[in-house]
Every structure is written in C-alpha cells, then in structure tokens.
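Single-structure report; data block below.
Bear in mind these aren't lab numbers, they're just calculated from the coordinates by the rules spelled out. Here the structure is a predicted model, which means the values were calculated and not measured. Cβ sites come from the backbone with ideal geometry, for glycine too, and all protein chains shown count toward neighbours.
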Amino acid sequence: VIIAGGTDFYPARVGRPIDDDVVDITAVAELRRISEDTAGWRIPALTTWTDLIEAGLPPLFDGLIRAAREIGGVQIQNAATICGNLCNASPAADGVPGLLALDAGVELVSQTGSRRLSVADFVIGNRRTARRSDELVIALHVPRPRGAARSSFLKLGARRYLVISIAVVSAVVERDPAGAIEAVRIAVGACSEVPQRLHRLERELVARRSAHGLADAVADHHLEPLAPIDDIRGTAAYRRDAALTLVRRALAELEDPPA
Ligand SMILES: Cc1cc2nc3c(=O)[nH]c(=O)nc-3n(C[C@H](O)[C@H](O)[C@H](O)COP(=O)(O)OP(=O)(O)OC[C@H]3O[C@@H](n4cnc5c(N)ncnc54)[C@H](O)[C@@H]3O)c2cc1C
C-alpha cells in the first residue's frame, strides 16, 4: 500500500493493527513541484493541497484551488495530496469533480513501463481505481485550454467546513477570443458511486455559444447520469435537488453578467 499524506490511509485503520506492506513515498522530493509546458501542467504525486493553493496557477484552476481550501483544515491541506484524494476514490472526494472538469489525465508507472488514463477511466467505482497493484500514480496532467478558461467549485455539507460533502460540483468554461463558449465541462460528486460529468448539458451549453444565462439552461433531466443514495448525510431527493442548485450556481459564477 502506498502512503502519501496518510490522511485517508491512517483514519481508515483506526482501531486495528496496520499489517499492510507500506511504501511511504513522502521523501521523494522529485514528486513535489508543479511544472508547466506548452501542453499543460504536471501535478506530481506528492503535490499537497497547500502546494496547489500557493502555486500561482491561472484562473483555469480557481475551482480546484477552492476545493483545496475546503479540504479539511490547514493541517490536512499541508499533508494531504491531490493524487491521494484521487487514488482513494471516495464517491465524496472533493478533488475528483475538479479533476474531471479539468479533463485531467493520470500517469501511472511500474517496473515494466508507464501509461496514461483519463481521470474518468481511472476511477471505476466506490474506492476502486484502474491502478494495478504494481503501479504508482506518479503525476496528474492538466491539458492547456485552447482559449481563456475559468472554473468554479461549490460544495454542500451539513456545516460550512470540515465536513463530508452531500453534493459537490466543479465547472470549467473555455472561451474563444470573442468571448463565445468553446468548451464546458461540469462534474458532480457525492451523488453517484463515481463522480460524473454532465455531458448532455455540456454539449447544449457549447451549442448556445453565448456565455449569458448559462445557469437558466440547467434542467432536471441534465442530472440523468447521477444516482444519489439515501444515507446519514441526506436523502437521494435532497442530494439531487442540491446538485441541481449547485450546478446552476457554479455556472452562474462563470457566465457573463446581463448586458
Ligand atoms: C480531518 C480530515 C478531514 C478531511 N476532509 C476532507 C475533505 O473535506 N474533502 C475530501 O475530499 N477529503 C477530505 N479528507 C480526506 C483526505 O485528507 C484527502 O482525500 C487527501 O487528499 C488524501 O491524500 P493523502 O495524500 O493523505 O492520501 P493517503 O492517505 O496517503 O492515500 C490515500 C489512498 O491513495 C493511495 N495513494 C496515495 N498516493 C498514491 C499514489 N501516488 N499512487 C498510488 N496510490 C496512491 C493510498 O494507497 C491510499 O489508498 C479529510 C481527511 C481528514 C483526516
């Protein structure tokens, strides 16, 4: 078992002896620094949420940075990694919708080679990923958008901070130089076994081209990919209603104000 920040690993083992074979990768300094080239950004495995907040990234990352500020408290953000959040594959992981909205890729290495998967192909179930047991996730890759891009993130929990999400939404809107919409990606977490993109809504918003009134275009049927459950944090109906509201609000933050 690989340990990065250990903030998911250790709480999951409270009350029982740790008998896993553990590989602690925290001393590998090369896995820490975010880098950038013409293709996009590389976020190595040990990048913490605090590293992300302090990296001086462009508005494309505003949503993921907002997620970072809401993950646990500062002590957690200082230790916990973005890759760990992804590899843990909790349905309510706050980082995963942001990575889906960024269209991020996952770089895996083993002694026999390396491969890349999209985040959508990497997370395959509740706490299940496509990572083989001999593989390490070495980095995440965020492609550079074609035009100007901004993103948003909204999380609903039973209280404001230090809470497991009831519903979580991240959205990215890319514009051409004239301000028309070129691409939209919206992902919802905590409302299905695996966080889901709302592809149908994305296609309809791109077809409109206009960045006015994005939130008004969102309807109940756009949430079709979601399959929320009843649990201690909320009912399925409440989750669905919350997701609808959060999607509208996330898009409202990215639309042009009324003329
Ligand atoms: C008090 C508290 C509050 C929290 N609040 C939030 C919250 O608000 N939102 C939220 O989403 N999460 C929250 N978490 C969960 C956790 O902090 C995050 O998911 C964090 O990002 C996990 O990162 P880590 O580096 O600590 O992962 P670790 O615990 O080190 O690892 C998590 C899992 O990923 C695997 N793994 C880690 N790195 C790799 C790698 N490079 N390659 C392959 N496998 C790997 C590990 O084997 C393990 O299975 C909280 C946790 C605590 C204790």
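Computed quantities for the displayed model
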read-out	value
Selection within segment 7-32 - touching a helix residue (DSSP H, G or I) at 6+ places or on another chain (Cβ under 8 Å) and under 22 Å from residue 141 (Cα atoms)	25, 32
Members of segment 20-31 found to be more than 8 Å from the ligand (Cβ to nearest atom) and either farther than 22 Å from residue 109 by Cα or in contact with a strand residue (DSSP E or B) (Cβ under 8 Å, 6 or more places away or on another chain) (or both), listed by number	22, 23, 24, 26, 30
Enumeration of residues in segment 1-19 that are in a loop (DSSP other than H, G, I, E, B) and either within 9 Å of the ligand (Cβ to nearest atom) or in contact (Cβ under 8 Å) with a residue 40 or more places away in the chain (or both)	1, 4, 5, 6, 7, 8, 9, 10
Options 94, 62, 51: the member that is within 19 Å of the chain's Cα centre (by Cα) and within 8 Å of the ligand (Cβ to nearest atom)	94
Inter-residue pairs, beta-carbon under 6 Å, first among the basic types (Lys, Arg) and in segment 100-118, second assigned to a strand (DSSP E or B), 6+ apart	115/108; 116/105; 116/107
Subset of segment 73-89 that is part of a loop (DSSP other than H, G, I, E, B) and touching a strand residue (DSSP E or B) at 6+ places or on another chain (Cβ under 9 Å) - its residue that is farthest from the ligand (Cβ to nearest atom)	89
